[in-house]
Amino acid sequence: MAYHLLRGDHARWMPDGMMQTGTQSEGGRALVVDGVTHRYGSSTAVENINLDIRSGELVALLGPSGCGKTTLLRIIAGFIRQTEGRIILGDEVVDDLGPNRRRIGIVFQNYALFPHLSIAENVAYGPAAQGVSKAEREAETKRLLDLVKLGHLADRLPRQLSGGQQQRVALARALAIKPRILLLDEPFAALDKNLRLDMQIEIKRLQRLSGITTVMVTHDQEEALSMADRVAVLSQGRLEQFASPTDIYDRPESLFVNTFVGSANQLAGQVLSAEAGGAIIRLDAGAELRARTPSSPLVAGQRCTVCLRPEHLEIADDPSGFAAVVEMGLPLGPTVVHEVRGADGAGIKVSEPRRAGTALLATGTPVRVRPLSADLATAYPAA
Ligand SMILES: Nc1ncnc2c1ncn2[C@@H]1O[C@H](COP(=O)(O)OP(=O)(O)OP(=O)(O)O)[C@@H](O)[C@H]1O
């Protein structure tokens, strides 16, 4: 594939056939969400959200239903005017610009294609409204449809395409206006599992190639962790953490993030001693361990909740662990999960790689459970 260096205020290598997008130099700021709060009447949907999104980044807004992610996306797009705060695109505060004046490309869950227009007419619609000449928009439409591998279907109507194909048209249409940023609203929700994975890879590829700054709403944590450069985790309208997928998973900063992303055993315990960022905890189940304490400093004697992921525990005959009794063993293909019960009654999941010939432990077997290594536990003040 041939690459061209685009010049001007946004020098960037672009693949052959991809148009220029974005308004910032590589690594600069593309979008700032500055102290945004939105209330519907008396109920607060998003509260004091701050995000600083770099040019070329793919950011996922992740959270459970009702956490405010769609509201935030619609505020960025200009469909909703926030109660407080500012939206800054590049260096421009865009709060007074309507959606069609923000130059934002949007792909909705249901694609929202014009049903009576052909695929090519759908893609050319935005540039036509922008006053782009016929010859130029025809060339651009062809380039974009080739890019999403649908050039041969340009004359079909949307209903004559599969869901995945319609979504690629929606993406081409969004890119046709040369948007400053691309917004994806649950873009894979309507696709079946296999097609979803193909499209996730495809969109990530196109996003990387174009270098277009992208914000995607999803409630699917695997999708967020696998596709995004950074993930903004929201809960009840508040930003819990904004970090790389690795940091979100390995270094969660709140009990919510720790338990919403991946799974985590929650064990009750008491702080024996504490220092900045860490503490020695005695679990009610019977072991002592060191834990990170990211959210707030803990003090000796304080009750706490310790999170340990199932894959960070092992069943081992070791005095450093704590005693438990097997309740159930689940052979899950390459992993084996044992549900055990600690001396304090806590139910705990232990997930281990399955080795050839491994037998499941029978219900009632006494075992000892220990963390795989130090510092895998994270402690939060008890609720
Ligand atoms: N037009 C509206 N009027 C009043 N309340 C609203 C309106 N739209 C959303 N809300 C409320 O604001 C909160 C955030 O909603 P929002 O749709 O942003 O959440 P979400 O995280 O996108 O949820 P979902 O994943 O279910 O789409 C919810 O409590 C919702 O009930």
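The values are calculated or read from the model by the stated rules, or taken from the named source; none is laboratory data. Predicted model only: the values in this text are computed from it and were never measured. No Cβ is skipped: glycine too gets one built from the backbone with ideal geometry, and neighbour counts run over all protein chains shown. Side chains included, ligands, DNA and RNA excluded: accessible areas come from the protein's heavy atoms. Shrake-Rupley method; radii C 1.70, N 1.55, O 1.52, S 1.80 Å.
Taking (1) assigned to a loop (DSSP other than H, G, I, E, B); (2) touching a residue at least 40 places away in the same chain (Cβ under 8 Å); (3) out of contact with any Leu (no Cβ under 9 Å at 6 or more places or on another chain); (4) under 26 Å from Phe260 (Cα atoms) in turn, Asp318 satisfies each apart from (4).
Away from the ligand (no atom under 15 Å from the Cβ), over 17 Å from the mean Cα position of the chain (by Cα) and surrounded by 15 or more Cβ atoms within 10 Å (Cβ to Cβ) - does that describe any residue in the range 63-82?
So the first thing to find is which residues in the range 63-82 are away from the ligand (no atom under 15 Å from the Cβ), and the list is 78.
Still in the list and also over 17 Å from the mean Cα position of the chain (by Cα): 78.
Then keep just the ones that are surrounded by 15 or more Cβ atoms within 10 Å (Cβ to Cβ); that gives 78.
There is at least one residue in the range 63-82 that is away from the ligand (no atom under 15 Å from the Cβ), over 17 Å from the mean Cα position of the chain (by Cα) and surrounded by 15 or more Cβ atoms within 10 Å (Cβ to Cβ).
Number of residues in the range 208-218 that are more than 16 Å from the ligand (Cβ to nearest atom) and either buried (at least 23 other Cβ atoms within 10 Å of the Cβ) or of a type in the set (Gly, Ala, Ser) (or both): the value is 5. Taking residues in the range 178-205 that are among the acidic types (Asp, Glu), and partners anywhere that are modelled with pLDDT of 80 or more and more than 16 Å from the ligand (Cβ to nearest atom), the pairs with Cβ atoms closer than 7 Å and at least 6 places apart or on different chains are Asp198/Gly164. Among residues of the range 342-361 being surrounded by fewer than 17 Cβ atoms within 10 Å (Cβ to Cβ) and either in a strand (DSSP E or B) or modelled with pLDDT of 95 or more (or both), the one that is farthest from the chain's Cα centre (by Cα) is Gly347. Among the residues making up the range 67-80, those that are more than 15 Å from Leu182 (Cβ to Cβ) and not in a helix (DSSP H, G or I) are Cys67, Gly68, Phe79, Ile80.
Identify, please: which residue in the range 37-62 is within 13 Å of the ligand (Cβ to nearest atom), without any contact (Cβ under 8 Å) to a residue 40 or more places away in the chain and not in a loop (DSSP other than H, G, I, E, B) and is, among those, most open to solvent (accessible area, probe 1.4 Å)? Walk me through how you get there before you give the answer.
The first filter runs over the range 37-62 and keeps only residues within 13 Å of the ligand (Cβ to nearest atom), leaving 37-47, 49, 60-62.
Of the ones still in play, those that are also without any contact (Cβ under 8 Å) to a residue 40 or more places away in the chain are 40-43.
Now restrict to residues that are not in a loop (DSSP other than H, G, I, E, B): 40, 43.
Working: Tyr40: 113, Ser43: 64 Å².
Ranking the qualifying residues of the range 37-62, first place goes to Tyr40.
Taking Gln130, is it open to solvent by 60 Å² or more (accessible area, probe 1.4 Å) and out of contact with any Phe, Trp or Tyr (no Cβ under 9 Å at 6 or more places or on another chain)? Yes, satisfied.
For the range 226-263, which residues satisfy the criterion of being of a type in the set (Gly, Ala, Ser), in contact with a strand residue (DSSP E or B) (Cβ under 8 Å, 6 or more places away or on another chain) and under 22 Å from Leu72 (Cα atoms)?
First, pick out the residues of the range 226-263 that are of a type in the set (Gly, Ala, Ser): 226, 228, 232, 235, 237, 243-244, 254, 262-263.
Now narrow it down to the ones that are in contact with a strand residue (DSSP E or B) (Cβ under 8 Å, 6 or more places away or on another chain): 228, 232, 237, 243-244, 254, 263.
Ala228, Ala232, Gly237, Ala243, Ser244, Ser254 - these are the residues of the range 226-263 that are of a type in the set (Gly, Ala, Ser), in contact with a strand residue (DSSP E or B) (Cβ under 8 Å, 6 or more places away or on another chain) and under 22 Å from Leu72 (Cα atoms).
Looking only at residues of the range 268-281 that are at pLDDT 95 or above and open to solvent by 50 Å² or more (accessible area, probe 1.4 Å), we find that the one that is farthest from Val325 (Cα to Cα) is Ser273. Criterion applied to Gln24, Gln109, Gln20 was being surrounded by 15 or more Cβ atoms within 10 Å (Cβ to Cβ) and either at pLDDT 95 or above or within 16 Å of the ligand (Cβ to nearest atom) (or both), and the one residue passing it is Gln109.
Filtered by the rule that a residue be among the hydrophobic types (A, V, I, L, M, F, W, C), open to solvent by 30 Å² or more (accessible area, probe 1.4 Å) and closer than 23 Å to Arg137 by Cα, the range 174-201 gives a lone residue, Ile177. When you scan the range 81-102, do you find a residue that is closer than 28 Å to Val261 by Cα, assigned to a helix (DSSP H, G or I) and in contact (Cβ under 8 Å) with a residue 12 or more places away in the chain, even just one? Scanning the range 81-102 turns up no residue that is closer than 28 Å to Val261 by Cα, assigned to a helix (DSSP H, G or I) and in contact (Cβ under 8 Å) with a residue 12 or more places away in the chain. (1) within 26 Å of the chain's Cα centre (by Cα); (2) free of Cβ contacts under 8 Å to residues at least 60 places away in the same chain; (3) open to solvent by less than 40 Å² (accessible area, probe 1.4 Å): which one isn't true of Leu171, the others all being true? Just one mismatch for Leu171, condition (2).
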